[in-house]
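Below is one structure, written out as structure tokens, with a few remarks after it.
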Amino acid sequence: MKLWGGRFSKSTAKLVDEFNASIYFDKKLYKHDIVGSISHAKMLGKCNIISEDESIQIVNALKEILQDIEAGLINFKVEYEDIHMNIEKILTDKIGDIGKKLHTARSRNDQVAVDIRLYLKEEISYICGLLKNLLITLIKISENNVDTIMPGYTHLQRAQPITLAYHLMAYFQMFKRDYLRLNDCLDRMDFLPLGAGALAGTTYDTDRDFIAKELGFKNICENSLDAVSDRDFIIEFLSDTSIVMMHLSRFCEELIIWSSSEFDFIEMDDSFSTGSSIMPQKKNPDVAELIRGKTGRVYGNLFNILTIMKSLPLAYNKDMQEDKPLLFDTVENIKPCLEIFTEMISTMKIKKSNMKAATKTGFMNATDVADYLVKSGLPFRSAHEVVGKMVLYCIENNKNIEDLSSEEFKSFSSFFKDDINDKVEIKSCIEAKVSQGSTSFNSILIMIEKGKIFIENQED
Ligand code: ARG
């Protein structure tokens with residue numbers, strides 16, 4: 001008979017059993033379910049809701065069940081629907097009527113909510129660790145590339161010269177925000193739903209603070225109706241991870257472009273590339289492409305949960321059982337993406353001279369020439385026009401701006417003086433970016449230093 005079978009005169013259809021069950025996927029939560037139940041049983045004993053001895057027997061039996069599951073000795077049954085009822089059934093089979101007392105003063109609604117929170121708290125901490133490793137790796141590569149000059153782009157057209165370290169430290173900022181966002185998410189979800197009962201609280205004089213402390217929650221959920229209805233923390237986690245994937249996908253896209261023969265800025269290590277089954281010469285950036293592709297499923301999972309939760313009346317509805325497969329899917333996908341991405345960028349070869357050579361064409365110092373004129377007294381808009389004409393002249397005569405003689409410069413404007421030729425060197429253009437947070441070598445060193453301090457101040 002089902003644990004809830006008392007009011008039924010017929011058993012459920014087999015098809016319904018299979019359809020209704022979540023054990024296929026929520027068995028993943030066995031440890032969190034048992035840990036939650038142990039704290040609950042301890043609390044029941046402490047508050048004299050069950051006897052001290054009964055509490056001890058339940059706790060010991062649950063610990064044994066945990067060991068048995070980990071030893072692979074337990075087969076969960078679809079008949080018992082989910083992880084909560086499977087474990088309760090194993091418990092009652094083991095210790096009889098005393099086991100039947102475990103579900104006093106709780107419901108599966110608060111039980112599943114606490115299980116997911118326990119699971120997700122662990123996973124977020126792990127993912128934050130992976131993000132931290134990525135941040136450390138970005139710092140390391142940046143330190144080796146403070147003076148690696150490369151083109152900076154807008155519209156994927158060469159725009160202004162920058163350095164690779166500057167480019168990488170932009171990603172550092174993005175992943176730092178991701179790290180902080182996930183920590184915020186962790187902080188906001190750190191409230192205990194257990195003890196909420198089905199929706200209205202319980203008639204027993206329980207001690208929810210005791211359980212919160214036992215399970216490591218900073219506080220309890222204030223409103224029990226909210227406690228069992230809330231899946232905001234999943235939505236928040238899936239939003240945060242969608243942003244992480246978006247950042248990874250942008251980075252991967254750049255790495256894919258940079259590995260093309262057209263750019264030839266980097267070469268992925270052989271251990272992070274794949275070949276073609278037909279074209280013997282091919283070396284493909286499959287890993288970066290796959291991370292870019294997996295962004296789609298992580299976004300999909302976010303839309304999935306948003307749609308499940310849309311318009312759901314309070315409190316628990318069975319729709320909410322569908323939250324787990326998509327949550328697990330994101331967790332299981334983002335972890336390898338972060339891990340592999342970090343390893344991939346630390347092993348890739350950076351072709352510094354190709355990057356630098358690419359700054360020679362594209363008139364990337366044009367803005368600097370305009371700035372020169374402005375500093376000599378010409379209004380910016382007029383300077384823009386002068387340099388535009390110079391660019392046209394260079395295109396027609398197949399020259400770069402830095403190749404022009406000072407006579408040629410002067411023929412475009414009397415504001416040009418002899419020092420212009422030094423000022424238009426690509427390296428000088430980078431050095432001249434004196435504003436805070438710019439690509440200048442000094443500014444990058446400051447960014448790297450701040451980045452290191454940020455990492456040192458994070459707890460493990
Ligand atoms: N398996 C259910 C889920 O994952 C557990 C909660 C069931 N509660 C209920 N009232 N049917 O959501």
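Using Cα pairs closer than 8 Å and at least 6 residues apart in sequence, work out the relative contact order for the chain, in percent.
Relative contact order here is 15 percent.
Let's test the formula: R0 of 25 Å, r as the Cβ-Cβ distance of K335 and S311. What FRET efficiency results, to the nearest 0.05?
0.20
Using the per-residue mean of other Cβ atoms lying within 10 Å as a proxy for protection, in what order, highest first, do the peptides 307-320, 76-89 fall?
Per-residue Cβ counts within 10 Å, averaged per peptide and sorted highest first, yield 76-89, 307-320.
Whole angstrom only: what separates the Cα centroid of the range 3-29 from the Cα centroid of the range 178-200?
28 Å
Here are some pairs, K282/K427; K94/K121; K375/K410; which of them have Cα atoms lying more than 26 Å apart in this structure?
K282/K427; K94/K121, as the Cα separations exceed 26 Å there.
Can you pull out the GluC sites (Glu not before Pro) in the range 381-460 that DSSP calls coil and that have at most 13 other Cβ atoms within 10 Å?
For GluC sites (Glu not before Pro) across the range 381-460 that sit outside H, G, I, E and B with at most 13 neighbouring Cβ atoms in 10 Å, the list reads E459.
Given labels modelled 7 Å from the Cα in the Cβ direction, how far is it in nm from I257 to T347?
Distance between the two pseudo-spin positions: 2.6 nm.
Computed FRET efficiency, Cβ-Cβ of A13 and F303, R0 25 Å: what is it to the nearest 0.05?
Details: r = 32 Å, r/R0 = 1.27.
E(calc), rounded to 0.05, equals 0.20.
Let me have the 222 nm mean residue ellipticity of the chain computed from DSSP H runs of 4+ only, each contributing -39500 (n - 2.57), with the sum over all residues rounded to the nearest 500.
-20000 deg cm²/dmol
Taking square-rooted eigenvalues a ≥ b ≥ c of the alpha carbon gyration tensor, is the range 307-366 rounded, prolate or oblate, where a/c under 1.5 means rounded and, failing that, a/b exceeding b/c means prolate?
Note, shape of the range 307-366 comes out oblate.
With each pseudo-label sitting 7 Å past Cα toward Cβ, what's the S376-D319 distance in nm, one decimal?
Once both label points are built, they end up 6.9 nm from each other.
Kindly rank 33-44, 141-152 from highest to lowest mean number of other beta carbons found within 10 Å of each residue. Walk me through the numbers before you get to the answer.
Working: 33-44: 23.9, 141-152: 19.2.
Highest-to-lowest ranking by the protection proxy: 33-44, 141-152.
Where does each of 260-273, 178-191 land if you order them by average Cβ count within 10 Å, highest first?
On the way: 260-273: 14.8, 178-191: 18.0.
Per-residue Cβ counts within 10 Å, averaged per peptide and sorted highest first, yield 178-191, 260-273.
Lysines near K42 by alpha-carbon distance under 16 Å, same-chain residues fewer than 8 away left out - which ones?
Counting by Cα, and skipping residues close in sequence, K42 has these lysines nearby: K63, K100, K101, K213.
Which of the lysines could a cross-linker bridge to K310, judged by Cα under 20 Å and excluding same-chain residues fewer than eight apart?
Once the sequence-local lysines are set aside, what remains near K310 is K318, K324.
Could you list the residues of the range 354-397 with an amide nitrogen less than 13 Å from a label point located 7 Å from the Cα of T154 in the Cα-to-C-beta direction?
Output list for this probe position: 366-368.
So if R0 is 56 Å, what FRET efficiency would D190 and L445 give, r being the distance between their Cβ atoms, rounded to the nearest 0.05?
Computed FRET efficiency for D190 and L445: 0.90.
Please report, ordered by residue number, every helix of the chain (full DSSP H runs) that is 30 Å or longer along its axis going by C-alpha atoms and whose mean Kyte-Doolittle hydropathy reaches 0.0.
Correct list, ordered by number: 108-143, 232-259, 286-309, 323-347.
Expressed as cubic angstrom per residue, what is the convex hull volume of the alpha carbon set of the chain?
On the way: hull volume 93.4 nm³, N = 460.
Enclosed volume per residue, from the Cα hull, is 203 Å³.
Treat each spin label as a single point 7 Å out from the Cα along the C-beta direction, and report the N20 to N284 distance in nm.
Modelled inter-label distance: 4.7 nm.
Using bins 10 angstrom wide from zero, how does P(r) for the range 128-286 break down, in % of all Cα pairs?
Going from the shortest bin to the longest, the percentages are 9, 25, 23, 17, 12, 10, 3, 0.
Read the figures in this text as sums done on the coordinates, not as results from a lab. The structure presented is a predicted model; accordingly, all values stated were derived computationally and were not measured. Every residue, glycine as well, gets a Cβ built from its backbone with ideal geometry; the counts of neighbours run over all protein chains shown.
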